[in-house]
Amino acid sequence: MAMFSRKAAADVLTSLVKNRRFRFWRDTSAAATALMGVAVVVMSVGAGAFITDHLWVVDQRDKLKSATDAASVAAMVEMNSILLDNPNIADQELNAVVEDVARRFVTANFADLPPDRYAQAVDSLQLEVTVDRQGSALSVQAEADLGGYLFSSMLPLLSGVKPLSSVGVGSGARQALAPTHVVLAIDTSKSMKKKLSGGDPDPGEFSKGELTRDAALALVDLLNPNAHNQIAVGLVPWNVHVQISGNLQQVWTDEGWAEYPRSRRYGAAFSCTPISNCTNSPARNEDLPDQPPDWKGCLDEQRVDVDGHAARPPDEGLLDHPSTMPFAQGLYTATYGYAYNCQQDPAPWWFGTQYCYGSTQGAADLTAQADAQYLCKANYMRPLSSNIDFIKRFIDRLSFEGPFTYSALGVLWAQRMLMHQWADVWDGDVDPIDSSQEGYVRRVIVLFTDGVDTQCGPFEHHRNCDVWDVGLARSVACEAAKAEGTEIFVVAAIRSMGDEIGRELRDCSSHDDNSEVQYTFLNINTDDDIAAAFSSIGLQLKTLRRTY
């Protein structure tokens, strides 16, 4: 950059005055004109100096702003990575690592300066990094002397202007969510009362259910749904059935969305113990009593046809609105299908117990009576909401009482909750975001399970859905949801997980070898692993954005 010295500026004025073409003593008018010209030149030089200085300051500020922009994004990425691997890291340790990353990225952006100015910039750099761990945000404030001179301070008339020693800027980054609907589909089978390592928890220990409940609550805090940020969360507790709340049961009955069938397809006519001595009962259709007990809101995947018979619908109709074909009101679970016909006289020698409807004729000493809906435990599905207190209240109330594992239910009912076409079947403000516009809302299912599915009949045939045609394979449900554009995250706390079940769970998720998103969390070995999995999902759902 060309610089004017004070002597050069004075020489310009002297030469103008001494130039004989200006004869001030002969022509007063000419003298005035000449003096005006001198003033114009001086003002032009000064204005040019200020413009040049302004451009210099802007250039230095832009350079430092680019440096802090890069630093804030890099530091945010590093913070996310650390929290994914070690969510319990101390604040002091986290801040130290993040500040080191920010400093390295700021100085790296000085590399194109001349060596003397680079050294000056690095030595004078003052950096302040503020981490908002809870809000998934941080800011970087930087001030440095990048070298160079102010042109205006070199002019005699502007000699009082002090050189600018440094410039300061700030930049911020935040993990933010695009409009997003998330449904937590959580296994509520009895095995969730066990520890991860197996067995009942001792005092001071936690069950899988308690750990999952706490992790889900932390995920909701991380997502922070509210009336303004266009985030909504729903809850689908599942085992071998799901359940709609009491105020919806009458609505579903009145609308014809759920019916009591005349007959029903069951995976087994009865249940027996001990399992090792059981002969598998074949799947069959059972006529149901004419007068059912009061329905408690339990549903599975069976639907009622025009003849009043309930059975599994075709795969292509799984997501159809219940107005097209009503769901069967659940009396006993359809997958294990304890018989209504208890006339087993004499009972088989190996027969241990059978839950019957109403009567114990012929086998009073071997048959246990039970409420036809004894498995309904008020673990209600809760529709999408942006009210964080509402969501957390019902997650906190989860109980774990279900007998078996049928994860296809969790996936399919979660998907139905995400579909705009199903919004009318739920209670309240269940579509806080206008999700009718395709592609506007990101839809996500978080599936948690702790066991191998037993949805397709009892015992060794529990995964053979082609033979036991009353239940759906998880793969069918997952493909149906993904075909609607839904992302599926899978968290599985299964002891001794084999390669086959691991592959099935990975296939259920939105896992892609080319994706940078981790959709499966299968190596859950410690209590902290469950919390870390849910935290990772929350952080991955957020998009990194510079805030200023």
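Do you know which of the residues in segment 174-233 that are surrounded by fewer than 23 Cβ atoms within 10 Å (Cβ to Cβ) and of a type in the set (Val, Ile, Thr) is nearest to Ile537 (Cα to Cα)? Within segment 174-233, the match that is nearest to Ile537 (Cα to Cα) is Val220.
Looking at this structure, is Phe390 open to solvent by 30 Å² or more (accessible area, probe 1.4 Å) and either part of a helix (DSSP H, G or I) or free of Cβ contacts under 8 Å to residues at least 60 places away in the same chain (or both)?
For Phe390, the condition - open to solvent by 30 Å² or more (accessible area, probe 1.4 Å) and either part of a helix (DSSP H, G or I) or free of Cβ contacts under 8 Å to residues at least 60 places away in the same chain (or both) - is met.
Annotation for segment 229-236: at least one member residue is modelled with pLDDT of 85 or more and either in contact with a Phe, Trp or Tyr (Cβ under 8 Å, 6 or more places away or on another chain) or not in a strand (DSSP E or B) (or both).
Counting just the residues of segment 506-528 that are touching a residue at least 24 places away in the same chain (Cβ under 8 Å) and not in a loop (DSSP other than H, G, I, E, B), which one comes out nearest to Ala477 (Cα to Cα)? Looking at the filtered set, the residue picked out is Cys508. Contact map, segment 94-112: first residue within 21 Å of Asp145 (Cα to Cα), second residue part of a loop (DSSP other than H, G, I, E, B), Cβ cut-off under 8 Å, separation 6 or more or different chains; pairs are Arg103/Leu125; Val106/Leu125; Thr107/Leu125; Phe110/Leu146.
Screening Ala378 on (1) buried (at least 20 other Cβ atoms within 10 Å of the Cβ); (2) in a loop (DSSP other than H, G, I, E, B); (3) of a type in the set (A, V, I, L, M) shows it passes everything except condition (1).
Matching residues to (1) over 16 Å from Gly168 (Cα atoms); (2) surrounded by 14 or more Cβ atoms within 10 Å (Cβ to Cβ):
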| site | (1), (2) |
| --- | --- |
| Arg103 | no, yes |
| Val106 | no, yes |
| Asp112 | yes, no |
| Pro115 | yes, no |
| Ala119 | yes, no |
| Gln126 | no, no |
| Gln134 | yes, no |
| Ser139 | no, yes |
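The values are calculated or read from the model by the stated rules, or taken from the named source; none is laboratory data. Remember, it's a predicted structure, so these values are computed and weren't measured experimentally. All Cβ positions, glycine included, derive from the backbone under ideal geometry; neighbour counts span all protein chains shown. With ligands, DNA and RNA removed, areas are computed over all heavy atoms of the protein, side chains included. Shrake-Rupley method; radii C 1.70, N 1.55, O 1.52, S 1.80 Å.
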